[in-house]
1. Checking V291 against (1) part of a loop (DSSP other than H, G, I, E, B); (2) touching a helix residue (DSSP H, G or I) at 6+ places or on another chain (Cβ under 9 Å), which test does it fail?
2. List the strands (runs of 3 or more DSSP E) that sit entirely inside region 68-153 and contain at least 2 residues that are surrounded by fewer than 22 Cβ atoms within 10 Å (Cβ to Cβ).
3. Counting only residues that are polar (S, T, N, Q) and surrounded by 16 or more Cβ atoms within 10 Å (Cβ to Cβ), which one in region 242-264 is nearest to S147 (Cα to Cα)?
4. Can you tell me how many residues within region 52-65 are without any contact (Cβ under 8 Å) to a residue 40 or more places away in the chain and either crowded, with 16+ Cβ neighbours inside 10 Å or within 19 Å of R310 (Cβ to Cβ) (or both)?
5. Would you point out the residue of region 265-286, among those that are over 18 Å from the mean Cα position of the chain (by Cα) and over 22 Å from Q298 (Cα atoms), that is most open to solvent (accessible area, probe 1.4 Å)?
6. If only one of G158, G215 is within 21 Å of P111 (Cα to Cα), in contact with a strand residue (DSSP E or B) (Cβ under 7 Å, 6 or more places away or on another chain), among the small types (G, A, S) and open to solvent by less than 20 Å² (accessible area, probe 1.4 Å), which one is it?
7. Given the criteria outside any helix (DSSP H, G or I), in contact (Cβ under 8 Å) with a residue 24 or more places away in the chain, farther than 23 Å from L135 by Cα and more than 11 Å from the chain's Cα centre (by Cα), does G170 qualify?
8. When you look at A188, is it open to solvent by less than 10 Å² (accessible area, probe 1.4 Å), in a loop (DSSP other than H, G, I, E, B) and not acidic (D, E), yes or no?
Amino acid sequence: MTIGFSSRVARSTCMLCLAGLLTLMPAAAAARAGRPDPGPPGGAADRPSSLYRSGTQVRPHPGAPRVPDVSALSWVVADAGTGDVLAANDAHRKLPPASTLKTLFALTVLPVLPGGLHHEVSPRDLSGIGPGSSLVGVVEGETYRVSDLWNGVFLNSGNDAVHVLAALTGGWSATAARMQAEARALGARDTHVRSPDGYDAPGQVSSAYDLAVFGRAGLRRPDFARYCAKVDAMFPGRDGSSYGIMNTNRLLTGADGVAPYPGLIGVKNGYTSNAGNTLIAAARRDGRTLVVTVMNPQEGGGHAVYEEARALLDWGFEADGEVDPVGSLLPEGSRPRQGPQAVPTAATAAKPAEDEPGWPETGAILGVAALGAGVTALALRLKLVRDDGS
């Protein structure tokens, strides 16, 4: 007897698997390596902190270098290894993040989309892109590797690439919800996601503190660190052609008269008319990695965000050992009890960090695969029964 298995059943089974995986993702995000969900407002994470105070917060030793005078509405300087915040200004002020929010998008979506996956873009994938969006040039009907789309996200800040990747993982609203869950799992509680690409939307905000959390978490993923450090790449065009794209982070590339910063390893810049210029920048010097976030400089023109980040990075490296931390990027429950402990980053460690996304998601994937296999077996058995009874 020949066993028939309809394509409709196969498609239904695959969709069930995908739905189950996307349902499990927020729980897996919150469970990574014991990383706690900070819980609702009013818990331990709401204890008074100098980072919630207005103005510049710094605890210098005698003779420590003076914090530079910058015009950004909000900024943070932090050690990417320990998570210590060395200085900050209005760190938790809620402001539009622009395309720096794409770092949270990447943290949410990278773990579940293999880079080698190919996808033919449909009109539906590109629907809803906001007018004036930055685009990398994704074309309907063309087939792209997921890794190419990530180049479009990190280098060209392509909202079209974000839309396609979001479509591959459940759609726009579902992606925004998972990003919100990921932010919460990381202890980033100022962030409210409305548009996963960072496009201005009512109620969409983040903070210099949260962006520093996202930047630090991203550097702990080798794939994220690799994408955000790329200066240029080739992007697929029509009919098998390709064209070059360059990273829009001028502090990395040295474009448009902005001198590249020595030791810079990423992360992401952004701009909208509502947010102004925003930037997450990470640099490494003498075995130490700093993360700096700058939101909406009020003076100096469009390149001020880079020059103010440069000044803050210079200060952070010069102030090594000369200031006490004013806070931490680590969620409250995961902070070390006895002094800071070095935390490896993807930029410095060959092997993934222990709390890097991986095993929890792998367990979720295997669990859902087992569920799919069970459904498939049940469908086959029903088919056999139906065939026997015909």
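1. Unmet condition: (1).
2. On the way: elements: 74-79, 84-89, 118-120, 143-145.
The strands (runs of 3 or more DSSP E) meeting that bar are 118-120, 143-145.
3. Filtering region 242-264 down to residues polar (S, T, N, Q) leaves 242, 247-249, 253.
Of the ones still in play, those that are also surrounded by 16 or more Cβ atoms within 10 Å (Cβ to Cβ) are 247-249, 253.
Numbers: N247: 15, T248: 18, N249: 19, T253: 21 Å.
Ranking the qualifying residues of region 242-264, first place goes to N247.
4. Residues of region 52-65 without any contact (Cβ under 8 Å) to a residue 40 or more places away in the chain: 53-56, 62.
In the following step, the residues that additionally are either crowded, with 16+ Cβ neighbours inside 10 Å or within 19 Å of R310 (Cβ to Cβ) (or both) were identified as 56.
Summing the residues that are without any contact (Cβ under 8 Å) to a residue 40 or more places away in the chain and either crowded, with 16+ Cβ neighbours inside 10 Å or within 19 Å of R310 (Cβ to Cβ) (or both) in region 52-65 gives 1.
5. D286
6. Values: G158 fails: in contact with a strand residue (DSSP E or B) (Cβ under 7 Å, 6 or more places away or on another chain).
From the options G158, G215, the qualifying one is G215.
7. Details: outside any helix (DSSP H, G or I): yes; in contact (Cβ under 8 Å) with a residue 24 or more places away in the chain: yes; farther than 23 Å from L135 by Cα: no; more than 11 Å from the chain's Cα centre (by Cα): yes.
When the stated conditions are applied, G170 does not pass them.
8. Numbers: open to solvent by less than 10 Å² (accessible area, probe 1.4 Å): yes; in a loop (DSSP other than H, G, I, E, B): yes; not acidic (D, E): yes.
Against the criterion (open to solvent by less than 10 Å² (accessible area, probe 1.4 Å), in a loop (DSSP other than H, G, I, E, B) and not acidic (D, E)), A188 qualifies.
The values are calculated or read from the model by the stated rules, or taken from the named source; none is laboratory data. Owing to the predicted nature of the structure, the values given are computational and were not obtained by experimental measurement. When we count neighbours, we look across all protein chains shown, and the Cβ atoms used for this are built from the backbone with ideal geometry, even at glycine. Ligands, DNA and RNA are stripped out before the accessible areas are found, and what is left, the full protein with its side chains, is counted by its heavy atoms. Shrake-Rupley method; radii C 1.70, N 1.55, O 1.52, S 1.80 Å.
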